[in-house]
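Right, one structure below, let's go through it.
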Amino acid sequence: MVKRKTKLSWLSLILVFIFIIPVFVAGCGDKLTYTGTTLAEAQVGVAYNASVATAEGAEEISYALKEGATLPEGLTFDAGTVSGIPAKAVSAHKFTVVATADKLSAEAEFTLTVKAAAFAYADGEINIEVNKQAEATVATATGATEVTYTLKSGTLPAGLTLGANGVISGKATATGSATVVITATAAGIGTVDATWKINVTNPKLVFEEVTVDAGLQNVYYTALVSSAKGAKNIKYTVAADSALPAGLALEESGLLHGKPSERGRKNFKVTASAEGYESATVEISLLIRLNEVESDAGVITFTGGKLDDGMSGTVYAKLTGGVKVAVADNQNPVVYTLTGGKLPAGLTMYENGALYGVPTEMGDFTITVKATAEGCEAKTADFTLKITEPRVPLPTFITLDAATVGTEYSVDLAPEDATMDITFSAKTALPAGLTLDADGKLHGTPTASARAFSFTVEGKADGYSSASCEVTVPIRDKEVTLADGKMEAEYVDLTGKVGAGYSGAANQEQMVQPGAPLGASNNYYVGYTHCMLILEFKFKSSAAATGVKIDIGLASELGDVTFTPNEMDIIVNGTPLAYGKFSIKGGASAGSWGNFANFTATRSAKLVEGDNVIQIMIKDNTFLKGQSTGGPGLDYIQITSSSTISWTPCLYNTNGR
């Protein structure tokens, strides 16, 4: 009996070594590391966001407040993130968080201080143009996140209203100034007042820096300074506190001309003005050089020809070229004289050969011009000029700023420098939700997106031939919040993208392919990636975030293939991810797709508050038939973050759907 017991004891000991000790050793090696810290300070009334998801030792870790732990009033805890708007100041508030992964757990204590509110609202001043849709903000209160604004005293200029968001909008109907008191209110904090001065002014002309060529002393000079924009019938004058270089004159049309009599650099100011607009003034610098006349004999080369056509009632300006083509080989200045024929009424030729004016008669004209220069025999040449019926000055093509679905849009198609009243009409269908007024205002709220919606408008005016213009406007979709952080590849911006397939090619939305049989999320994916290609997923994050997980859905028609950063980069805000490798299963044969699968690129990406971008870059490789670049099918990119993710999908990528 004793011997039998001894045998059983040895057997038991062996079983302990085989089964129990390995489990004990393995269990001893697995643990979570979790260390508490003092979080960034919060402030009453200001949105707060901080992550405590810092435990290490496992891939999937969940976080929860320890039983009995509390947060400062107004803050909540979710998935390792403390967020909200603090409602009460507190010093060094401590709370414990429990990190859990399978059967492992660890605790950490964190400290958070909430500072008292610092709610302030300073006085201010805004300027609004009369009779123009305005959106000016007085929402400048600081020290709180959720603030509303109301008018306490005073009266807003006629046509304007104040929204609770602090935006003053509408169309002011008369110029003048008003002083009002506005109250800013922050829930749970209180109110504060500020005095605002609201100035309603005439629109101001845009008159920016003007550069003119240098001239020669006692040699006829011409230059245009008529570059102001913003109104019709703009007039140019020398500013009251300024003077032109001696010998020069300035026409109201903006033509500077004459024989400068003094050498040197002269600065002078020119004012642009128009009825109903605030004038604008610029300073111009003109250099007049010495005219060094050569005494050597020379020869003039002068050849006539056809001048550019002009239109009756429209400025014709040829300050260079045109008849001003004679060259004296002794470098002396050339003087031009009209010796035969006649120019159309309203057009003038100056001594230096410049043609400028507003022709008032139509027809075909032939003129003879004599060119003379010191030390040279005069030469003559004939020129022809055609003045046609005036045409409405519309460009042939125009591309407008982008509109957004569901957002009010307004733009003026009438040229700023038009001197006539143009009546507009649409000759083809407009984007859904938009209307074209007779004065050229395109406005409304778009209801459908488009990469580039094109339509044709016609402009008519009394005494002018009509003109047509093809107008193109990109219409973006609304920005949407992604509850699951998933950006579907078929909705990425494919503008200008050209891709290659296993056989054949595609561009832009043609790269979107049906993928339901392959298990593609949302049933579609982007293919034709067998080339060096960059796709950009642009999105916004509500706050800066760390420890962000990025997943990507991929498939292969290249057979079984492994992508590394040598063949495909994944770049987050300019930083490539060291994702290791993605081993993707292909289809039954080369050229047939395998099913889509999810791959985790990182669990530690960083996002910034506001605009972010993830780039998928297919790099030069030999995956396609062993000799050409190959890429994966791209299903989606999914972001898991403590912040809120939003993006603007391109729903107009409708190929195959």
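For region 597-638, filtered to residues that are within 27 Å of residue 541 (Cβ to Cβ) and either acidic (Asp, Glu) or more than 34 Å from the chain's Cα centre (by Cα) (or both), the residue that is surrounded by the fewest Cβ atoms within 10 Å (Cβ to Cβ) is 611.
Condition check for residue 343 on (1) among the hydrophobic types (A, V, I, L, M, F, W, C); (2) without any contact (Cβ under 8 Å) to a residue 40 or more places away in the chain; (3) not in a strand (DSSP E or B): one failure, at (2).
When the test is whether a residue is touching a residue at least 12 places away in the same chain (Cβ under 8 Å), closer than 30 Å to residue 418 by Cβ and surrounded by fewer than 12 Cβ atoms within 10 Å (Cβ to Cβ), residue 318 does not pass it. Number of residues in region 514-560 that are surrounded by fewer than 17 Cβ atoms within 10 Å (Cβ to Cβ) and hydrophobic (A, V, I, L, M, F, W, C): the value is 4. If you filter region 494-504 down to residues that are surrounded by fewer than 15 Cβ atoms within 10 Å (Cβ to Cβ) and under 30 Å from the mean Cα position of the chain (by Cα), you find that the one that is nearest to residue 630 (Cα to Cα) is 498. For residue 464, the criteria (1) touching a helix residue (DSSP H, G or I) at 6+ places or on another chain (Cβ under 6 Å); (2) modelled with pLDDT under 90 hold in every case but one, which is (1). Under the condition of being polar (S, T, N, Q) and touching a Lys or Arg at 6+ places or on another chain (Cβ under 7 Å), the residues counted in region 483-520 number 3. Among the conditions (1) out of contact with any strand residue (DSSP E or B) (no Cβ under 6 Å at 6 or more places or on another chain); (2) under 16 Å from residue 414 (Cα atoms), the only one that residue 477 does not satisfy is (2). Among the candidates 613, 608, which residue alone is closer than 17 Å to residue 497 by Cβ and of a type in the set (Val, Ile, Thr)? After applying the criteria, what remains is 613.
Pairing residues of region 242-256 that are without any contact (Cβ under 8 Å) to a residue 40 or more places away in the chain with residues that are among the basic types (Lys, Arg) and assigned to a loop (DSSP other than H, G, I, E, B), at Cβ distances under 6 Å and at least 6 apart in sequence or on separate chains, gives 247/259.
Of the strands (runs of 3 or more DSSP E) contained entirely in region 365-412, those carrying at least 1 residues that are in the same structural domain as residue 318 (by TED's automatic domain parsing) and surrounded by 17 or more Cβ atoms within 10 Å (Cβ to Cβ) fall at 379-388.
Checking the conditions here, which among 379, 370 is in contact (Cβ under 8 Å) with a residue 40 or more places away in the chain, more than 26 Å from the chain's Cα centre (by Cα) and at negative phi?
Details: 370 fails: in contact (Cβ under 8 Å) with a residue 40 or more places away in the chain.
Exactly one of 379, 370 is in contact (Cβ under 8 Å) with a residue 40 or more places away in the chain, more than 26 Å from the chain's Cα centre (by Cα) and at negative phi, namely 379.
The residues listed here are 88, 66; of these, the one that is of a type in the set (D, E, K, R) and touching a Gly at 6+ places or on another chain (Cβ under 8 Å) is 88.
The residue that is nearest to residue 170 (Cα to Cα), counting only those in region 205-224 that are surrounded by 15 or more Cβ atoms within 10 Å (Cβ to Cβ) and within 31 Å of the chain's Cα centre (by Cα), is 205.
Taking each residue of region 532-545 that is outside the structural domain of residue 618 (by TED's automatic domain parsing) and under 13 Å from residue 573 (Cα atoms) and looking for partners that are surrounded by fewer than 21 Cβ atoms within 10 Å (Cβ to Cβ) and among the hydrophobic types (A, V, I, L, M, F, W, C) with beta-carbon atoms closer than 8 Å, six or more apart or interchain, yields nothing. Say we look at region 403-447 and pick out the residues that are under 22 Å from residue 230 (Cβ atoms) and of a type in the set (Asp, Glu); which of these is nearest to the chain's Cα centre (by Cα)? The selected residue is 412.
Among the residues of region 599-608, is there at least one that is free of Cβ contacts under 8 Å to residues at least 24 places away in the same chain and in contact with a strand residue (DSSP E or B) (Cβ under 8 Å, 6 or more places away or on another chain)? The answer is no, given that none of the residues of region 599-608 is free of Cβ contacts under 8 Å to residues at least 24 places away in the same chain and in contact with a strand residue (DSSP E or B) (Cβ under 8 Å, 6 or more places away or on another chain).
The values are calculated or read from the model by the stated rules, or taken from the named source; none is laboratory data. Being a predicted model, the structure only gives us computed values, none of them experimental. Ideal geometry is used to build each Cβ from the backbone, glycine not excepted, and the neighbour counts take in all protein chains shown.
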